[in-house]
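Taking it in order: structure first as structure tokens, then the write-up.
The values are calculated or read from the model by the stated rules, or taken from the named source; none is laboratory data. Predicted model, so just to flag it, every value in this text is computed and none were measured. All Cβ positions, glycine included, derive from the backbone under ideal geometry; neighbour counts span all protein chains shown. Note: areas computed on protein heavy atoms with side chains; ligands, DNA, RNA excluded. Shrake-Rupley method; radii C 1.70, N 1.55, O 1.52, S 1.80 Å.
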Amino acid sequence: MAAKKISIVGSGNWGSAIARIVGQNAAAHPGQFDPEVRMWVFEEMIEGQKLTEIINTKHENVKYLPGKKFPENVVAVPDIVTACQEADILILVIPHQFLERSLTPLKGKLKPGAQGISLIKGFHIVPSGGIELISVVIKELLNIPVSVLMGANLAGEVAADKFCETTIGAVDATSDGKWLQAMFQTPNFRVVVVDDAKTVEICGALKNIVACGAGFVDGLKYGDNTKAAVIRLGLMEMIRYAEVFYPGSKLSTFFESCGVADLITTCYGGRNRRVSEAFVTSDKSIEDLEKEMLNGQRLQGPETAAEVNFVLKAKDMEDQFPLFTSVHKICVGEQKPEEFINQLRQHPEHMIQFDARL
Ligand SMILES: NC(=O)C1=CN([C@@H]2O[C@H](COP(=O)(O)OP(=O)(O)OC[C@H]3O[C@@H](n4cnc5c(N)ncnc54)[C@H](O)[C@@H]3O)[C@@H](O)[C@H]2O)C=CC1
Ligand SMILES: O=C(CO)COP(=O)(O)O
């Protein structure tokens, strides 16, 4: 079988960290993968020089992952069609805000049989009503099957080669599981492949809302018990959300890296947590703090909270998801951060009668 050609769509903080891993693995398995890995870079100028030129000469993304080198077989390409048209595998890793407009030029341009794997956390608002999984939007736009990879994977730590796990939700774990694992796994990035792809993706999207809540309680100077309560209540809302809107989700998936583990890491070390904490301790807006603190990296939590609220409000279900709802209202200025704990005090989890749990 011919070696599979890999293209990476995106080159931010996570896109760059994953490109280092995939580049190494492609070079190490030339029979299985074509060694050249093209990476689509949204072009920008850095001190008068194109970012793609810097990446292709210094082999480093000096803006989004400074200090970490790419293997030389990772090639930055500014045109998305040139980057992707020969690919058998597309790794999609862009902030979800930019998904549709970035991918539209690829419509009808991909190789027959191409497959995708999305590392993108968030949802897509459907103008006619409701929200859609990002993998579904990609599938419909590009007409390719799309698996997902989500996990407790802060990009900086992955790039520093610190041990962690991740979860791949494969469209067809039996036929694709092995090569998907081979593409990503290293001694310090351990991959578990499951077949419950929707739940893997839902976990990755929803945990960013909980991370904002964790940041609020940090900003309000609550302690670790409070943060643990936010994490637990957040997890319960994630599970309930999956039960209500994606019936058939497996509870066991929440115990993979994409579930509990990502929740924990993100509520301690993530960007959503950090900016949400600063939102409470400063008088600045989230948008201003994002610009000031992240140097072009993008937050997913506040937008995801708005996307989920779009559904909950339309279905008159905000009361059943007080954490998700309160995070959204705080982000858009409809509620003061000080109100957050009051909202959690009313949580349905605390209203269940003892015998209802038996
Ligand atoms: N950074 C992390 O630790 C992790 C991020 N993720 C997820 O991966 C996805 C991508 O995140 P990152 O790679 O961290 O991105 P990022 O947060 O570093 O965002 C910057 C990227 O956005 C691009 N960009 C800016 N304006 C653009 C435009 N108009 N059109 C297209 N692209 C534009 C930039 O070129 C840059 O590549 C997100 O869904 C995120 O939740 C998942 C796991 C870890
Ligand atoms: O998804 C992440 C870790 O798995 C990164 O979270 P942040 O976007 O909050 O940094």
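Which of the residues belonging to the stretch 13-32 are more than 24 Å from residue 160 (Cβ to Cβ) and either within 12 Å of ligand 1 (Cβ to nearest atom) or in contact with a strand residue (DSSP E or B) (Cβ under 6 Å, 6 or more places away or on another chain) (or both)?
none
Can you find a residue that is over 19 Å from the mean Cα position of the chain (by Cα) and not charged (D, E, K, R) anywhere in the stretch 267-278?
yes
Kindly provide the set of residues from the stretch 250-271 that are small (Gly, Ala, Ser) and within 10 Å of ligand 2 (Cβ to nearest atom), ordered by number.
Residues satisfying the conditions are 257, 261, 269, 270.
Residues being away from ligand 1 (no atom under 14 Å from the Cβ) and either of a type in the set (Lys, Arg) or open to solvent by 30 Å² or more (accessible area, probe 1.4 Å) (or both): count how many of those fall in the stretch 247-262.
9
Which number in (1) within 28 Å of residue 126 (Cα to Cα); (2) within 16 Å of ligand 1 (Cβ to nearest atom) marks the one condition that residue 265 misses?
(1)
Condition test on residue 305, is it assigned to a helix (DSSP H, G or I) and within 14 Å of ligand 1 (Cβ to nearest atom)?
yes
For the stretch 275-289, check the following and say yes or no: at least one residue is more than 25 Å from residue 223 (Cα to Cα) and in contact with a Phe, Trp or Tyr (Cβ under 9 Å, 6 or more places away or on another chain).
Looking through the stretch 275-289, none of the residues is more than 25 Å from residue 223 (Cα to Cα) and in contact with a Phe, Trp or Tyr (Cβ under 9 Å, 6 or more places away or on another chain).
Can you name the strands (runs of 3 or more DSSP E) wholly within the stretch 8-127 that have at least 2 residues being surrounded by 14 or more Cβ atoms within 10 Å (Cβ to Cβ) and within 16 Å of ligand 2 (Cβ to nearest atom)?
89-92, 115-118
For the stretch 295-322, name all the residues that are open to solvent by less than 80 Å² (accessible area, probe 1.4 Å) and acidic (Asp, Glu).
Across the stretch 295-322, the qualifying residues are 303, 307, 318.
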